[in-house]
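Asker: What follows is a structure written as structure tokens; I'll ask about it next.
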Amino acid sequence: MATTTQVDLETRMSLQDFLYREALALDERRFRDWLEYLADDIRYEVPVRVTREALADWELTPTSRIFDDTKATLEVRVQRLETDFAWAEQPPSRTRHFVTNVVVDPGDVENEYLVQSNCFIYRSRGDEPTPSFYSLFRKDTVRRTSTAPGWEIARRWAAFDQSLINAHNMSIFI
């Protein structure tokens, strides 16, 4: 087991609360507010998981991505959701993000922290009787800021646990 420098309780609790509030903004479809949780230089990356034989070198493809976004491309996705042209989201998805197992370690740069968490997302659409469920592992680089909410996500890397995503589209945010 790797030994890491301990992060003080106040910082850990503040980061955990930050992730909960970020999830709440997504669940309440407050996407403009959600963008405020992201650094201007964010990299938002979700690689494709593939099913491979046992002992394969990798099961997350090193090149293919479900999402590979910057702040600018995330803003475009939010702008599109605000129009009548987001047909994939008519009617809008209802989501619930469950963020658990939050582990905080110091980052390589002062005032940055490496925050690992599990995220379970429940998604239902319209009157469809069967919801979608997504289980993910996330690695975030979170930076302390002097403006509210006091933190910003500089990098989000997330990996779905399943290799086959049960969805007609992936128009939600992770």
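Asker: Kindly provide the helix-only [θ] at 222 nm of the chain, computed as the sum of -39,500 (n - 2.57) over DSSP H runs of four or more divided by all residues, to the nearest 500 deg cm²/dmol?
Answerer: Numbers: 3 runs with 35 residues, N = 174.
Estimated from H runs of four or more residues: -6000 deg cm²/dmol.
Asker: Ok, one more. Quick one: 3J(HN,Hα) in Hz for the range 151-163, Karplus 6.51/-1.76/1.60 with θ = phi - 60°, rounded, Gly and Pro as x.
Answerer: 9, 8, 8, 8, 8, 10, 10, 9, 10, 5, 6, 8, 8
Asker: Label the range 76-136 by shape, choosing from rounded, prolate and oblate, from the square roots a ≥ b ≥ c of the eigenvalues of the Cα gyration tensor; if a/c is under 1.5 it is rounded, and otherwise prolate applies when a/b is larger than b/c, oblate when it is not.
Answerer: On the way: a/c = 5.27, a/b = 1.74, b/c = 3.03.
Verdict is oblate for the range 76-136.
Asker: Something else now. Just to be sure I follow the definition: excluding the sites themselves, where is the longest run in the chain that has none of the GluC sites (Glu not before Pro) in a DSSP loop with at most 12 other Cβ atoms within 10 Å?
Answerer: Between the exposed loop sites, the longest stretch runs 111-174.
Asker: Could you tell me what % of all Cα pairs in the chain have separations over 20 Å? Intermediate values should be presented prior to the final figure.
Answerer: Details: 8447 of 15051 pairs.
Of all Cα-Cα distances in the chain, 56 percent exceed 20 Å.
Since every read-out is calculated from the coordinates, none of them should be taken as a lab result. All figures in this text were calculated on a predicted structure; none of them were measured in a lab. Note that each Cβ is placed from the backbone with ideal geometry, even for glycine, and that neighbours are counted across all protein chains shown.
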